[in-house]
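Reviewing the structure listed below.
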Amino acid sequence: MTDTNETRPQMPLGLAQRGYSGVIQHLSAKDAGSALSDIELESRLIELGFVEGARVEVLHEGLVGRDPIAVRVDNITIAVRRREAMAIIVA
Amino acid sequence: METPLLHLALVGTPNSGKTSLFNALTGSRQKVANYPGVTVERKEGFFVTPLGRQVSVVDLPGTYSLRGRSPDEEITRDFVLGKASGETVPDLVLCVADSTNLRLTIRLLLELKRTGRPMVLVLNMFDIASRRGINVDAERLAKELGVPVVTSIAVRKGGTADLLTLTDEISARLAAEPQENSWRALSVAELRATQREADRIIADCVSLPSRPDTWTARIDAVVLHPVAGLLVLALILFVMFQAVFAWAQPLMQLLNSGFDALGEFVHASLPAGLLQSFLQNGVISGVGSVIVFLPQIIIIFLFILLLEDFGYMARAAFLMDRIMGGAGLHGRAFIPLLSSFACAIPGIMATRVIDNKRDRLTTILIAPLMTCSARIPVYTLIISAFIPARDVWGFINLQGLVMFGLYAAGIISALLVSFLIKFFMLRDYAPAPFMLELPDYKMPRPKSIAIGVYTRAKMFLHRAGTTIFSMMVLIWFLASFPQPPLGATEPAIDFSLAAIIGKALAPLLSPVGFNWQIAVALIPGMAAREVAVAALGTVYAIEGGKEAAEQIGQVLATKWSLATALSMLAWYIFAPQCASTLAVIRRETGSWTWMAVTFSYMLVLAYAASLVTYNVAVALGAG
Ligand SMILES: Nc1nc2c(ncn2[C@@H]2O[C@H](COP(=O)(O)OP(=O)(O)OP(=O)(O)O)[C@@H](O)[C@H]2O)c(=O)[nH]1
Ligand SMILES: [Mg+2]
């Protein structure tokens, strides 16, 4: 896989600030600590369009713990909790 | 000509316009709204194609895959795979896509193809796509996907013409040869591969201008702002409850005087006797006292429908997610709970979108605590009789403020109950994920709002004409028979069955300040909350004697103490006074136990709340 943005380090989307924009590198469900099983979480994320190469942007954050976040994935907006977003590795 | 019925199924990602299409094709009025997860049941409808083919079409809940993660998605999966008992598999699957957002639907379509069912891709919402300058090469798309592609605008007249023509063409050459169903749940790797494939096809066939919906972005900048967003939400709710009270008043007074005049007319034109009493006290005072609340019901539904159509509901769920999470609720519980302001029944049904069983159960248990529209008559009646209509701080109507307080009490107690459930029963609770698509805002369409309001108003009147009317006949009968012995000096009602029953129950309810008239009214009030108002109307009308054509509110103001009135309000925040809600809980949880649990906990809360309210009020001198 070619990194689209070599200067930026990889990080989980769950740690991204509002206004962050990047490209999904890979999914890593086991790092998320979600209540869902790894397979289930990964399937759901893919079903909502979080696949490698998709462009994401953090549009909004909630008040409590800046959670959940509203993420633009290509041309739709998805609300997710940071906990689940930890499975999405971006750069 | 004996052609068999053609079976169509509408499948697609949530909020892609399946139900709109269903309504356009069949002329139905199923619920449409701008958030994912509106449809939670399958609905069948019929139409005839331009060439005269009889068609049955089934609307299904939206889904992102055939995995069936939640009860609503299971319905879709089972129907498409022909697993649902007694169902025929569809002859043709219409895969409905939101044309502005094809990625997820194309992936779903690639998965659906494995079921071997003949399929059509319907590019719906094509008006929005064209407006945004999205260009779809439909021909190429059809070739790449191997299924016919057609565009549609479900909400515009004639917007489904192409689809109808295509249905005729296809039905003429639908092969009888059964296709192999090779579907099985996709592995993660397959899922990823299908999404890649979908993205590749889209890159080839669709040109997207990088012009996102700027309106949505602008509105969201405020509405989803961590602080401003919550203020906006609070403001919306506040205005809604003020409006329910303040805007409806003139119309309600008009209706009220109308029923009074009607009562007078019946009184004057019929000879004194049972028939006169039945019509005046049973029908007009009873049913009329509920119908006057129609304007308020219309206003609350108007607000909810506008918010739903605009696309605000999903935003509210976003804002409330963590706050509700603190009380142990799933983020997706918000929309069912907000719908419960209209009526707990659709609210409880809407919990089908919640995948986690325990989260769903918690939401079902607390949904009846949300102030449904059937409580409005009870609240309004008591508030207008006992709370002075003056302004606080110059602009807030005090009566509206009390109404708002009652709504708030419902919400807060629901959160508390949920918190307790989480604390005591579900110790090992892990927060379920919240993932929700936030759709672009859409301008609410006046026609669909009008239809929505009309349907709800009709339902309310229908209930007034059936449930409430039959309960009124019962109450009138109980309150009129047996007739007093000749020469009796006490009011006639004291000899009636109603008085006997009411007085037998009164000792149970006197600690909370209820008199025997309330006790009687609460029994038919089990059928539906607003019946209690009607029952009070009838009981007091009969007690007041034949001449008293007073409004029920004025009667209450003289007969009840303020403490009793407040206690009654507290009772109605909690009391499980709705048979249909209990029946739906039993159906949706599949267990009598949970129905009994709901009933008991609400009854206990109601009694406790009334007890405290009454005694505190008496101690403060309101007895
Ligand atoms: N402009 C436009 N709006 C549409 C069209 N079709 C549907 N809508 C709107 O899109 C929203 C969603 O429509 P629904 O019919 O409820 O969608 P659904 O697919 O049944 O949604 P779920 O039941 O939640 O899966 C509503 O606000 C509709 O008014 C269309 O062709 N053009
Ligand atoms: Mg629908």
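The values are calculated or read from the model by the stated rules, or taken from the named source; none is laboratory data. A quick note: this is a predicted structure, and the numbers were derived from the prediction, not measured. Cβ placement follows ideal geometry from the backbone for every residue including glycine, while neighbour counts extend to all protein chains displayed. SASA here: full protein model, heavy atoms, side chains in, ligands and nucleic acids out. Shrake-Rupley method; radii C 1.70, N 1.55, O 1.52, S 1.80 Å.
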Exercise. Any idea what the dipole of the protein assembly as shown comes to, in debye rounded to 20, about its Cα centre with Lys/Arg Cβ at +1 and Asp/Glu Cβ at -1?
Worked result: 460
For this session: Leaving out ligands, DNA and RNA, calculate the buried accessible area for the pair B and A with a 1.4 Å probe, summed over both sides, in Å² to the nearest 100.
Result: 3500
Exercise. Leaving out same-chain residues fewer than 8 places away, which lysines sit with a Cα under 22 Å from that of B:Lys18?
Worked result: B:Lys31, B:Lys43, B:Lys83, B:Lys113, B:Lys157, B:Lys442, B:Lys447
For this session: Can you tell me which of B:47-58, B:389-400, B:20-31, B:356-367 comes out highest on packing, and rank the rest after it, using the mean Cβ neighbours within 10 Å?
Result: B:356-367, B:20-31, B:47-58, B:389-400
For this session: Summarise the long-distance tail of P(r) for the range B:334-394 by giving the % of C-alpha pairs beyond 18 Å.
Result: 48
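I'd like the Kirkwood hydrodynamic radius of the range B:469-619, using the inverse of the mean 1/r over distinct C-alpha pairs, in Å.
Details: mean 1/r = 0.0610 Å⁻¹.
Taking every pair of different Cα atoms in the range B:469-619, averaging 1/r and inverting gives 16.4 Å.
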Seminar exercise, completed: Rounded to whole angstroms and listed largest first, the alpha-carbon spread of the range B:118-158 along its three principal axes comes to 27, 21, 10
Exercise. In the range B:1-136, what percent of the accessible surface is made up of carbon and sulfur (1.4 Å probe, ligands and nucleic acids excluded)?
Worked result: 47
Problem set entry | 1.4 Å probe accessible area per residue over chain B, in Å² | 41
For this session: Apply the Karplus parameterisation 6.51 cos²θ - 1.76 cosθ + 1.60, with θ equal to phi minus 60°, to every residue of the range B:103-119 and state each ³J(HN,Hα) to the nearest whole Hz, in sequence, with x for glycine and proline.
Result: 3, 6, 6, 5, 5, 4, 5, 4, 5, 4, 4, 5, 6, x, 6, x, 9
Exercise. Straight-line reach from B:Lys357: which lysines have a Cα under 20 Å away, not including same-chain ones fewer than 8 places off?
Worked result: B:Lys422
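With a/c under 1.5 counting as rounded, go ahead and sort the range B:393-461 into rounded, prolate or oblate using the C-alpha gyration tensor (a ≥ b ≥ c being the square roots of the eigenvalues; past the cut-off, prolate if a/b is larger than b/c, else oblate).
On the way: a/c = 2.12, a/b = 1.30, b/c = 1.63.
Oblate, because a/c is 1.5 or more while a/b does not exceed b/c.
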Exercise. Can you pull the Rg over Rh of the range B:1-83, Cα-only, Kirkwood?
Worked result: 1.00
Seminar exercise, completed: The whole-number value in µm²/s of the Stokes-Einstein translational diffusion coefficient for the protein assembly as shown, with Rh from the Kirkwood sum over alpha carbon pairs at 25 °C and 0.890 mPa s, is 88
Exercise. In percent, how large is the relative contact order of the range B:469-619, given Cα pairs closer than 8 Å and 6 or more residues apart?
Worked result: 23
Problem set entry | D (Stokes-Einstein, µm²/s), Kirkwood Cα radius, the range B:145-280, 0.692 mPa s at 37 °C | 137
Seminar exercise, completed: Over chain B, the sum of -39500 (n - 2.57) across DSSP H runs of at least four, divided by residue number and rounded to 500 deg cm²/dmol, gives at 222 nm -17500 deg cm²/dmol
For this session: Scan around A:His60 for amide H atoms under 5 Å from its own, H built in the peptide plane at 1.01 Å from N, and keep only partners 5 or more places away or cross-chain.
Result: A:Ala70
Problem set entry | Beta bridge orientation in the protein assembly as shown: antiparallel %, DSSP, nearest 5 | 60
For this session: Determine the principal axes of the Cα atoms in the range B:6-212, then give the extent along each, sorted from largest to smallest and rounded to whole angstroms.
Result: 46, 41, 34
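Once Rh for chain A is found with the Kirkwood sum over Cα pairs, what is the Stokes-Einstein diffusion coefficient at 25 °C and 0.890 mPa s, in µm²/s?
The calculation lands on 191 µm²/s.
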Seminar exercise, completed: Going residue by residue through the range A:11-22, the Karplus relation 6.51 cos²θ - 1.76 cosθ + 1.60 with θ = phi - 60° gives ³J(HN,Hα) values, rounded to whole Hz and with x marking Gly or Pro, of 7, x, 4, x, 9, 6, 8, 4, x, 5, 9, x
For this session: Kindly provide the pair-distance distribution of the range B:80-199 built from C-alpha pairs, with 5 Å bins from 0 and whole-percent values in order of increasing distance.
Result: 2, 10, 19, 22, 20, 15, 9, 3, 1
For this session: With everything on Cα atoms, drop me the angle between helix B:375-386 and the longest principal axis of chain B, reported from 0 to 90° to the nearest 10.
Result: 40
Exercise. Two-decimal Rg/Rh of the range B:345-445 from alpha-carbon positions, Kirkwood Rh?
Worked result: 1.09
Exercise. In straight Cα distance, which lysines are under 24 Å from B:Lys559, not counting same-chain residues fewer than 8 positions off?
Worked result: B:Lys503, B:Lys546
For this session: List the relative contact order of the range B:56-128 as a percent without decimals, with contacts defined as Cα pairs under 8 Å and 6+ residues apart.
Result: 28
For this session: For B:Gly12, enumerate residues with amide H under 5 Å from its amide H, sequence gap 5+ or separate chain, H modeled in the peptide plane.
Result: B:Thr63, B:Val96
Seminar exercise, completed: Tilt, helix B:592-619 to longest principal axis of chain B (alpha-carbon atoms), in degrees rounded to tens, equals 40
For this session: Per residue of A:62-74, count partner chain C-beta atoms within 10 Å of its C-beta, then hand back the mean as an integer.
Result: 5
Exercise. Can you work out ³J(HN,Hα) from phi for every residue in the range B:190-205, in order, using Karplus 6.51 cos²θ - 1.76 cosθ + 1.60 and θ = phi - 60°, giving whole Hz and x for Gly and Pro?
Worked result: 5, 4, 4, 5, 5, 5, 4, 4, 4, 4, 5, 4, 5, 4, 6, 10
For this session: Compute the Rg to Rh ratio over chain B from the alpha carbon atoms, using the Kirkwood formula for Rh, and round to two decimal places.
Result: 1.03
